[in-house]
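Working notes, beginning with the structure itself.
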């Protein structure tokens, strides 16, 4: 089986052949390498070169950090809102929520979680973290995180040559693909580390959803954790400064000015690496403060999203925590971190989170049996499938995870676009999930294919589109 670089080079060769056949402009040679201290590399076919790289700070673990995250403490003696915690290094101590020992912070105590007292701990290293659920019998769940020390969040450290840099253009004239040629012409297998070095992150939105509620109850979060949707309050549209967005983490921060979002200083990840739940870190380089937003949508067609905001307090200024009903009677911990919750409590949030984790973790571990040497790439594949599934309402399709005008409810027009549906099905079949996606195929055929063989999408008013019926037949026949 060819490696990724050879496969992409073959694909590029096919494009070049097509250009010759149809007299299209030829692609250019790879641009010269800009490695400091090195002479410029020659074009493809002559001197080889290594593409510039940057670290993958989404999955990067520094020496010793994997072991530090793996060694969670032991617990015993749940009593009076405290638990006796023994770290691997010894030195047991009784903790309350918000306190920490050996870098493990106790974030929730669930007195009766499935009939068993459970402590939830969180730990962060340079670029990663972990949430661990522990009973007196040991660890029962571990959810990896892509957010670590908030102070390490920064704009992408681009280091590609100016000639090969990837830039979003105002228009797209026909021209050689210089960034693509630069990566494919190098001596290395294309990877995140050398593709990301070409240009800035193209900011999108992070989807928070489940498999039942559909887009109506989902959240789309911006880079600072703010939802794109406005609240249901009638004032939201004409007085956004009063009620504003449906979810805005700034309402839970000690001061919106000290945590002002600076473009580029955001790290957007999915909880667990692939859950349809957001984990977004934000850092303010001016005030050296930051916060982390976790948001998820519990199961249910009428579920409402919930969120946790973990905020770094200004040194000696815990009095800045805003007053309110949700804060009444609470005592601030001695640590500089404080947790705020939206639409839930600490116990409610972590109970919902482990439920979502168990659902998707077992789905992929038990059913999507695929081996990929790069675990970050595997998480990307799982995340894409999870986000696609949560764009549906049960078996009812939408136009994938579109936002705004492309999200059609009830089902009509693009919501029933056959190509979107069969690509959704095909992708899961390719990842060894044929049995899992079969109900989606059958529902579409039963509900949105007319007795005469036409598709409901094509028969709707003002809708015209060709349909590759052969793809549906191929997907239906795939074992």
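The values are calculated or read from the model by the stated rules, or taken from the named source; none is laboratory data. Model, not experiment: these values are computed from the prediction. Reconstructed Cβ throughout: ideal geometry from the backbone, glycine too, with neighbour counts over all protein chains shown.
Given the condition outside any loop (DSSP other than H, G, I, E, B) and modelled with pLDDT of 95 or more, answer yes or no: does some residue in region 321-338 qualify? Checked against the condition, which is being outside any loop (DSSP other than H, G, I, E, B) and modelled with pLDDT of 95 or more, region 321-338 yields no hits at all.
Among residues of region 91-102 being surrounded by 15 or more Cβ atoms within 10 Å (Cβ to Cβ) and on the phi > 0 side of the Ramachandran plot, the one that is farthest from the chain's Cα centre (by Cα) is 102. For residue 214, the criteria (1) within 30 Å of residue 307 (Cβ to Cβ); (2) modelled with pLDDT under 90; (3) surrounded by fewer than 18 Cβ atoms within 10 Å (Cβ to Cβ) hold in every case but one, which is (3). Among helices (runs of 4 or more DSSP H) entirely within region 379-479, having at least 3 residues that are modelled with pLDDT of 85 or more and touching a strand residue (DSSP E or B) at 6+ places or on another chain (Cβ under 9 Å) singles out 434-448.
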